[in-house]
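> Pasting a structure below so you can have a look.
Bear in mind that the values in this text are calculations on the coordinates, not laboratory data. This one's a predicted model, so the numbers in the text were calculated from it and none came from an experiment. Cβ placement follows ideal geometry from the backbone for every residue including glycine, while neighbour counts extend to all protein chains displayed.
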Amino acid sequence: MDIKLAQIIFQIINFGVVAVGLTYLLYKPVSKILDERAKKAEEAERAYAEAAKKQAELDELKANAKKDAEKESFKIVAEAKKDADAVKKQLLEDAKKEALSEKEKQMKAFKDEQNSMLTQMQKEFGQSVFAVAENVVGKLDKKQHEALIDQAIKDLKVAVSK
Amino acid sequence: MNKRTVVVESAAALTEAQKTAVLAVLHEKLGDADVSFSLETDLLGGLRVTIDGSEQYDASVLGKLRSLQTNVR
């Protein structure tokens, strides 16, 4: 086999041209694309990390807000319960007071009515007794009057001797 | 010492014997007293003795009825 120098040189030049051509036409654009992709991936990763951080902050904020809301709701419920208990107590006391007042009022009305009836009965009894006595005494004769006066004198003697 | 004033009221006129009996009782209690007798039919029966306008012995039927009425109350 003959090795021709001219051919070797030609091949070397040919290879060089191809290598230069490939470098400018393929390697650099591909390299540029890869760099851009890497840059984009890096940006996406950074954005993701930032988003995750924001998400974490948001979650924490949300958890805190929930915690505060729960705390506030417990407080509101406790206050509402306390107010309700106070109102219940007050209502109970008012009701008791009212019932007692009504009972006393009814008792007073009953006593007044009782006293009024008793007074009326006593008055009527007294009037009846007087009417009967007047009727009986009006029919007394002189002797009976004298007998009554004699008795009165005896009573007077007894009263005076005490 | 002043004489005490006594008013004796009765539902019917007192007999002399009754007046004497009343005066005897009063003399025993008060000694010498100025006694007057009057008729008071409202007493219904018996008599009532008032000494110096305040002290009173009520032995009348009216007095007994009033006492009964008071006791009933």
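> List the residue pairs whose Cβ atoms are under 8 Å apart, where the first residue sits in the range A:150-162 and is more than 10 Å from B:ALA21 (Cβ to Cβ) and facing another protein chain (nearest Cβ under 8 Å), the second is of a type in the set (A, V, I, L, M, F, W, C) and assigned to a helix (DSSP H, G or I), and the two are 6 or more positions apart or on different chains.
Listed by first residue and then by second, the contacts come to A:VAL160/B:VAL25; A:VAL160/B:LEU26.
> Failed condition for A:LEU140, given (1) away from chain B (no Cβ under 14 Å); (2) outside any helix (DSSP H, G or I), with all others met?
Unmet condition: (1).
> A further question on this structure: Working only within the range A:107-162, note down all residues that are of a type in the set (Val, Ile, Thr) and within 16 Å of B:LEU68 (Cβ to Cβ).
A:VAL129, A:VAL132, A:VAL136, A:VAL137
> Enumerate the strands (runs of 3 or more DSSP E) found wholly within chain B, keeping only those where 1 or more residues are more than 11 Å from chain A (Cβ to nearest Cβ) and surrounded by 13 or more Cβ atoms within 10 Å (Cβ to Cβ).
Output list reads B:4-10, B:33-39, B:46-51.
> Is it the case that some residue within the range A:93-115 is closer than 30 Å to B:ALA12 by Cα and either part of a helix (DSSP H, G or I) or of a type in the set (S, T, N, Q) (or both)?
No; the residues of the range A:93-115 include none that is closer than 30 Å to B:ALA12 by Cα and either part of a helix (DSSP H, G or I) or of a type in the set (S, T, N, Q) (or both).
> Okay, moving on. Under the condition of being facing chain B (nearest Cβ under 9 Å) and of a type in the set (A, V, I, L, M, F, W, C), which residue from the range A:124-135 is farthest from the chain's Cα centre (by Cα)?
Within the range A:124-135, the match that is farthest from the chain's Cα centre (by Cα) is A:ALA133.
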